[in-house]
Amino acid sequence: MDIFINFFNAAVLAGTPLLFGTLGEILTEKSGNLNLGVEGMMFMGAVSGLAAVFLLEVGLGIEIAGALAVLIAIAGAFIAGALGAFIYSVLVVSLRTQQNVTGLALTIFGIGFGNFFGEYFGRTSPIGFMTVSLSARQGFSNLSIPVLSDIPILGPLLFSYNILVYLAVVIAVAMAFFLSRTRWGLNLRAVGENPATADAASINVTRYKYLATCIGGGICGIGGMYISMVTTSGVWVHNSVQGFGWIAVALVIFATWSPKRALVGSLVFGGLTVMRFYVPLGIPMQIYDTFPFLATILVLIVTSIRQIKEHSPPAQLGINYFREER
């Protein structure tokens with residue numbers, strides 16, 4: 001039982017950045033924009049969230065308390081991810097560039113942005129790399145919730161994670177409610193399904209596309225910050241995101257554009273990521289590294305074969321809207 005609990009805990013922790021990236025891309029794609037720049041936005045969020053805390057600590061010469069460090073890192077990561085998504089939106093929504101190419105360009109830009117500033121700020125540090133204080137890192141450590149954390153089995157399984165894990169779950173539940181139970185969510189889905197009809201119904205298509213894409217990008221940025229603050233323990237590591245953004249894009253398809261199913265998908269893929277430590281198969285470690293990507297390929301194949309209408313992507317996904325052709 002202890003092995004299962006430890007494996008489940010590790011899967012949740014490893015799957016959380018994937019959940020952030022998946023939720024951000026689901027919101028984006030519901031508007032009809034296919035943003036393949038998730039990897040780039042996660043890189044931007046990773047370096048910006050870490051740098052925001054690092055620069056404040058260096059500039060003020062103090063250690064920032066854990067709770068405040070969490071807020072600062074979230075704000076920095078969200079703004080950076082949203083900025084990358086805003087650049088994408090200007091090019092795609094306003095200038096009507098090709099969405100796939102623009103998303104790939106954003107990925108290349110974001111990776112370069114993250115690695116450049118991560119190394120640059122590291123050189124300004126007295127120790128030669130960018131890191132935050134122990135006080136700041138404590139804000140991202142696992143919580144101990146009174147009474148709940150002490151419940152046998154359920155306590156360790158459900159109530160022993162860091163604050164970002166619970167934030168990701170809250171965002172998933174809130175997004176599911178927003179998309180299915182609110183007027184603004186239904187309007188957003190209408191924009192993704194048939195923007196011309198939505199436009200004729202006095203829905204501002206451009207505004208919905210911009211907002212959904214930028215907020216989605218900000219959520220992806222938080223996923224990148226999770227990696228730099230939790231996975232690498234508040235230390236900048238070159239190429240730290242290492243393909244998580246691409247797995248998140250595939251997870252959107254696995255979750256069939258549903259935030260609730262994204263919770264399950266991120267747990268499954270998180271488990272594949274840490275399987276090497278808990279399921280010894282007697283194979284080289286490099287083979288374990290391929291499991292998430294092999295699962296990604298399998299998901300794409302199965303999804304393309306099973307054409308279920310309610311699990312289909314938004315009808316106008318990846319197609320630019322020309323109001324003049326309405």
Is it the case that GLY59 is in a helix (DSSP H, G or I) and either at pLDDT 95 or above or of a type in the set (Asp, Glu) (or both)? no
Looking at (1) open to solvent by 80 Å² or more (accessible area, probe 1.4 Å); (2) in a loop (DSSP other than H, G, I, E, B); (3) touching a Phe, Trp or Tyr at 6+ places or on another chain (Cβ under 8 Å), find the lone condition where ILE145 falls short. (1)
Would it be correct to say that TYR120 is open to solvent by less than 60 Å² (accessible area, probe 1.4 Å), assigned to a helix (DSSP H, G or I) and of a type outside the set (A, V, I, L, M, F, W, C)? no
Looking at SER304, SER312, can you tell me which residue is open to solvent by 60 Å² or more (accessible area, probe 1.4 Å), among the small types (Gly, Ala, Ser) and more than 21 Å from the chain's Cα centre (by Cα)? SER304
Working only within segment 105-146, note down all residues that are of a type in the set (A, V, I, L, M) and touching a helix residue (DSSP H, G or I) at 6+ places or on another chain (Cβ under 9 Å). ALA105, LEU106, ILE108, ILE111, MET130, VAL132, ALA136, LEU143, ILE145
Considering only residues that are part of a loop (DSSP other than H, G, I, E, B) and of a type in the set (A, V, I, L, M, F, W, C), look in segment 215-238 and name the one that is least open to solvent (accessible area, probe 1.4 Å). TRP236
Exactly one condition in (1) open to solvent by 20 Å² or more (accessible area, probe 1.4 Å); (2) under 18 Å from the mean Cα position of the chain (by Cα); (3) in contact (Cβ under 8 Å) with a residue 12 or more places away in the chain is not met by ALA174; state its number. (3)
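Each row is one residue, and each column tells you yes or no for (1) among the small types (Gly, Ala, Ser); (2) under 26 Å from ALA190 (Cα atoms).
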| residue | (1), (2) |
| --- | --- |
| ASP2 | no, no |
| ASN6 | no, no |
| VAL38 | no, yes |
| GLY49 | yes, no |
| GLY76 | yes, no |
Looking at GLY128, GLY110, GLY103, GLY122 in this structure, which one is free of Cβ contacts under 8 Å to residues at least 40 places away in the same chain and not basic (Lys, Arg)? GLY128
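One line per residue, one yes/no per condition, for (1) within 13 Å of GLY217 (Cα to Cα); (2) buried (at least 24 other Cβ atoms within 10 Å of the Cβ):
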| residue | (1), (2) |
| --- | --- |
| ALA10 | no, no |
| LEU13 | no, no |
| THR16 | no, yes |
| ILE26 | yes, yes |
| GLY45 | yes, yes |
| LEU56 | no, no |
| ILE64 | no, no |
Among the numbered criteria (1) of a type outside the set (S, T, N, Q); (2) open to solvent by less than 30 Å² (accessible area, probe 1.4 Å); (3) part of a helix (DSSP H, G or I), which single criterion is violated by VAL241? (3)
Going through segment 197-214 in order, the residues found to be over 24 Å from LEU19 (Cα atoms) and open to solvent by 30 Å² or more (accessible area, probe 1.4 Å) are THR197, ALA200, ALA201, SER202, ASN204, THR206, ARG207
Answer yes or no as to whether LEU91 is without any contact (Cβ under 8 Å) to a residue 40 or more places away in the chain, buried (at least 18 other Cβ atoms within 10 Å of the Cβ) and out of contact with any Gly (no Cβ under 8 Å at 6 or more places or on another chain). yes
Of the residues that sit in segment 177-230 and are among the basic types (Lys, Arg) and touching a residue at least 24 places away in the same chain (Cβ under 8 Å), which one is nearest to SER133 (Cα to Cα)? LYS209
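The values are calculated or read from the model by the stated rules, or taken from the named source; none is laboratory data. Not measured: the values here are computed from a predicted model. FYI the Cβ positions are ideal-geometry reconstructions off the backbone, even for glycines, and counts take in every protein chain you see. Just the protein is used for accessible areas: all its heavy atoms, side chains included, with ligands, DNA and RNA removed. Shrake-Rupley method; radii C 1.70, N 1.55, O 1.52, S 1.80 Å.
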